[in-house]
Ligand SMILES: [Zn+2]
């Protein structure tokens, strides 16, 4: 190989590295929060990029990990909220009707006016 080939390969690797790095930093997970409301009143917001377990009153438990939020436990009779899959994208929500709890994903700075109404 000639010297120029190595420079080309190095340049390609650098560019690929930059793209890879940018991909890791792209918003979506970053800045997204799980917003918990009880009976329409804001209970709290929790960053999706922070692994944590949120106890909502003594009735529900929300687990946040790997950029997703999931209801892992609830004392409601229907258990619909527990059976819902993990949410991670803006606009998705988990609703526990018996306990009047709504968990919705609010991502960064867009569309925050589209709050879930019920
Ligand atoms: Zn429920």
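We did not get these values from a lab; they are worked out from the coordinates using the rules stated. The model shown is predicted, which means the values in this text are computed figures rather than measured ones. Neighbour counts are summed over all protein chains in view; Cβ atoms, including those assigned to glycine, are modelled from backbone coordinates with ideal geometry.
Here are the numbers:
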item	result
Extended-chain gain in nm, criterion 0.36 nm per residue less alpha-carbon gap, residue 86 and residue 45	13.1 nm
Efficiency of FRET from Cβ geometry, residue 19 and residue 55, R₀ 30 Å, rounded to 0.05	0.15
Kirkwood Rh in Å, taken over all unlike Cα pairs in segment 24-103	12.6 Å
Extension gain from residue 10 to residue 78, taking 0.36 nm per residue of separation minus the Cα-Cα distance	18.7 nm
